[in-house]
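Let me give you the structure first, and then I'll get to my questions.
The values are calculated or read from the model by the stated rules, or taken from the named source; none is laboratory data. What you see is a predicted model; the values in this text were computed from it and never measured. Glycine gets a Cβ as well: all are built from the backbone with ideal geometry, and neighbour counts include every protein chain shown.
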Amino acid sequence: MKNLINLDLSNTNIKSIPILRDIGALTHLFVRDCQGVERLRSIKSLSKLQVLDLSGSSINEFRDQSLEPNNLPTLNSLSKLEVIDLSGCGALTVIEDESFEQMSCLQSFSLSDAKIERLPSLSNLNNLRYLSLRKCTNLKLVVEPLTTLLSLEELHLCCISSLTQADFLEQMSHLHILDLSETQLEKLSSMSNLKNLVHLSLRGCKQLRTVQHLEALTKLEILDLSGTAVMHLPSLTNLSNLHQFLPSNCLSSEELKNLEMLDLSGDVIKEESTDLENLDLPT
């Protein structure tokens, strides 16, 4: 067992995991959807670990010395981690500030559907490419920890009710996919630097009235404004790659007329809007 590299216990009925400190060569640990497992012991000894997937498990305690139940321990010794998936870990409510201090290799981090209330410091995650906080409905003060994540390519913040502004996006020039659906955003400004954005979803942002600099997003392929209060759009004629557009149902008839010359290579999905019948769609 000492030379074991990959340990996959996913979808099993096990109720406990043996002590892991004797498996120092382990690089991949999967404990997905193990409803009976509530504890991991001696995880800090896995210094070569690259992938840690606990998604959908019932983990609520990490049995390392001096750790409190329901806390994610400080993982400083796991400096080679590239992927952490804690999505659906409903019992986990606290992540210590020091947890990611040494994780400069981390590229993917998912906390979707988790019950955490506060994000730890993420300032050392210089290589993080993917971050999902989708449906972290208890999360507060989400903005400040995100300001340093300048290498992000995919960011999912759907259904975070505490999110009311997104100034942290200004320097995220590498973003390809951005999902801010069903948040409390009132306006989106300073998007002109998001030159690489391909997919932008603002679906269900009921307070959102203004989206600035859309015309600068020339690589955009999918734009979802459905369920927003956006009443005015800039010219979208520069968006030659756009092939799916879900407009706000608050657009005036004049705004809809301005869309008639928009040439889309794919489909326009009409949602509660019937005035797009003259939109030029190539066959």
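Mind listing just one residue for me: the one in segment 52-92 that is in a strand (DSSP E or B) and under 17 Å from R21 (Cβ atoms) and, of those, modelled with the lowest pLDDT? Working first, answer last.
Taking segment 52-92 as the starting set, the residues that turn out to be in a strand (DSSP E or B) are 52-53, 61-63, 71-72, 83-85.
Add one more test, that the residue is under 17 Å from R21 (Cβ atoms), and what stays is 52, 61-63.
Values: L52: 92, E61: 55, F62: 51, R63: 45.
Looking at the filtered set, the residue picked out is R63.
Another question, then. Filter segment 104-119 down to the residues that are over 21 Å from L175 (Cα atoms) and either at pLDDT below 85 or assigned to a loop (DSSP other than H, G, I, E, B) (or both) and list them by number.
In the first step, residues of segment 104-119 are kept if they are over 21 Å from L175 (Cα atoms); the result is 113-118.
Within segment 104-119, D113, A114, K115, I116, E117 qualify.
Answer with yes or no whether A229 is modelled with pLDDT of 90 or more, of a type outside the set (F, W, Y) and farther than 30 Å from T148 by Cβ.
When the stated conditions are applied, A229 passes them.
Restricting the first residue to segment 154-180 and requiring it to be under 13 Å from R134 (Cα atoms) and outside the structural domain of R209 (by TED's automatic domain parsing), which pairs with a second residue that is at pLDDT 95 or above and part of a strand (DSSP E or B) meet a Cβ separation below 6 Å and a spacing of at least six or different chains?
Listed pairs, sorted by first residue: E154/Y130; E154/I177; L155/L131; L155/L178; H156/S132; H156/D179; C158/D179.
Can you tell me which of (1) under 29 Å from C205 (Cα atoms); (2) surrounded by 17 or more Cβ atoms within 10 Å (Cβ to Cβ); (3) touching a strand residue (DSSP E or B) at 6+ places or on another chain (Cβ under 9 Å) is the one C136 doesn't meet?
(3)
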